[in-house]
Amino acid sequence: MKSIRDDAIVLGRLDYSETSQVLVLFTREHGKVRAIAKGIKRGTKTRFATGIDLLDAGTVVLNVRHERQEGLSSLSEWKQTRSLSGLREKLFRLHGAQYASEITAQLTEDWDPHTELFDDLIEALVSLGDATEPLGETIRYQASLLRSIGGMPLLETCMSCQRMDDLLYFSSFEGGLLCRHCEANHVEKRELSPTLIESLRRVARGQDVGEDRVAIFSLLNYHISHSMGREPKLAVHLVPREFQRRID
């Protein structure tokens, strides 16, 4: 059995027994790892133990039989290294952070490292802890995740004919824009304004999100939903469905 030490963020947790938890960890050097933390909730006469919480950040030591093996690793050490208490001061901050953790857990593979994405997630959680609204930082993280997994839409040419003009529709299935000449051949699509297309291009390049945040978040969430096979549960808490278009 091999031991590894890494930085980690808790993406998910499940109480396994009165004293143990099953955790979904996003680690910096090893990617997403599922682990059992035996006895983590066992208290003593002088210490009340509640276990490890969602969105906690710290260092872990994991015992693994073989990397990339199916099954649970065993957590042998946990030390919280960063306090993200600001996330719990405002409900919208917590919803933004939980949305980021949800899409990360769903769209990354076990034992597939994404070092830059880990750093971006930490940065997003820290920024959300001081945020006055959630969408700006959440959109930046949506784009970072899509770039990291190779899912960022192509926004310069038509996905069918490679035209660079008359781009008026977006298809998640095709992975980018469609022109008005080709859109009739595609069932799954959403019509976009030229302004929104330019805003999306800025976001894809890592530039300023701008003001049209509800529309940008909704479109990227639509694309993420297709990749996940369902809409993220936390999306409705960031932008209520009456302000979003239906996910086809």
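The values are calculated or read from the model by the stated rules, or taken from the named source; none is laboratory data. The model shown is predicted, which means the values in this text are computed figures rather than measured ones. With ideal geometry, Cβ positions are generated from the backbone for all residues, glycine too; neighbour counts draw on all protein chains shown. The area values use the complete protein model at the heavy-atom level, side chains included, leaving out ligands, DNA and RNA. Shrake-Rupley method; radii C 1.70, N 1.55, O 1.52, S 1.80 Å.
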Next item on the list: Scan segment 163-188 residue by residue and report those that are open to solvent by 50 Å² or more (accessible area, probe 1.4 Å) and within 30 Å of SER101 (Cβ to Cβ).
Entry: PHE173, GLU174
Item checked: segment 84-106: number of residues that are within 20 Å of TYR222 (Cβ to Cβ) and either free of Cβ contacts under 8 Å to residues at least 12 places away in the same chain or open to solvent by less than 10 Å² (accessible area, probe 1.4 Å) (or both) -> 6
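Is it true that some residue in segment 134-145 is over 25 Å from LEU117 (Cβ atoms) and open to solvent by less than 30 Å² (accessible area, probe 1.4 Å)? Talk me through it step by step, then tell me what you get.
Applying the first criterion (over 25 Å from LEU117 (Cβ atoms)) to segment 134-145 yields none.
For segment 134-145, residues over 25 Å from LEU117 (Cβ atoms) and open to solvent by less than 30 Å² (accessible area, probe 1.4 Å): absent.
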Margin query: Could you go through segment 153-162 and let me know if any residue there is under 26 Å from LEU23 (Cα atoms), loosely packed, with under 14 Cβ neighbours inside 10 Å, among the aliphatic types (A, V, I, L, M) and within 21 Å of the chain's Cα centre (by Cα).
Written below: no
Check: Which one of these does ILE149 not meet: (1) in contact with a Ser or Thr (Cβ under 7 Å, 6 or more places away or on another chain); (2) at pLDDT 95 or above; (3) within 24 Å of LEU94 (Cβ to Cβ)?
Finding: (3)
Next item on the list: Could you look through segment 107-121, keep only residues that are of a type outside the set (Phe, Trp, Tyr) and in a loop (DSSP other than H, G, I, E, B), and pick out the one that is most open to solvent (accessible area, probe 1.4 Å)?
Entry: GLU109
Item checked: All positions within segment 142-175 that are within 23 Å of VAL209 (Cβ to Cβ) and assigned to a loop (DSSP other than H, G, I, E, B) -> ILE149, GLY150, GLY151, MET152, PRO153, LEU155, GLU156, SER172, GLY175
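Any chance segment 46-53 includes a residue that's at pLDDT below 95, closer than 30 Å to VAL239 by Cα and out of contact with any Leu (no Cβ under 7 Å at 6 or more places or on another chain)?
Of all residues in segment 46-53, those at pLDDT below 95 come to 46-53.
If we keep only those that are closer than 30 Å to VAL239 by Cα as well, we get 52-53.
Subsequent filtering for residues that are out of contact with any Leu (no Cβ under 7 Å at 6 or more places or on another chain) retains 53.
Yes, some residue in segment 46-53 is at pLDDT below 95, closer than 30 Å to VAL239 by Cα and out of contact with any Leu (no Cβ under 7 Å at 6 or more places or on another chain).
One line per residue, one yes/no per condition, for (1) open to solvent by 30 Å² or more (accessible area, probe 1.4 Å); (2) closer than 19 Å to ALA100 by Cβ; (3) in contact with a helix residue (DSSP H, G or I) (Cβ under 6 Å, 6 or more places away or on another chain); (4) modelled with pLDDT of 75 or more:
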| site | (1), (2), (3), (4) |
| --- | --- |
| ARG5 | yes, no, no, yes |
| ARG13 | yes, yes, no, yes |
| VAL33 | no, yes, no, yes |
| GLY58 | no, yes, no, yes |
| GLU67 | yes, no, no, no |
Note to self: Consider segment 189-227. How many of its residues are outside any helix (DSSP H, G or I), closer than 19 Å to ALA100 by Cβ and touching an Asp or Glu at 6+ places or on another chain (Cβ under 8 Å)?
What the structure shows: 0
Next item on the list: Within segment 122-141, identify whether any single residue is touching a Ser or Thr at 6+ places or on another chain (Cβ under 8 Å), under 25 Å from GLY176 (Cβ atoms) and not in a helix (DSSP H, G or I), and answer yes or no.
Entry: no
Margin query: Suppose the filter is in contact with a Leu (Cβ under 8 Å, 6 or more places away or on another chain), surrounded by fewer than 20 Cβ atoms within 10 Å (Cβ to Cβ) and more than 25 Å from HIS223 (Cβ to Cβ); does VAL126 pass it?
Written below: yes
Item checked: Subset tally (residues that are open to solvent by 40 Å² or more (accessible area, probe 1.4 Å) and part of a strand (DSSP E or B)) for segment 15-31 -> 1
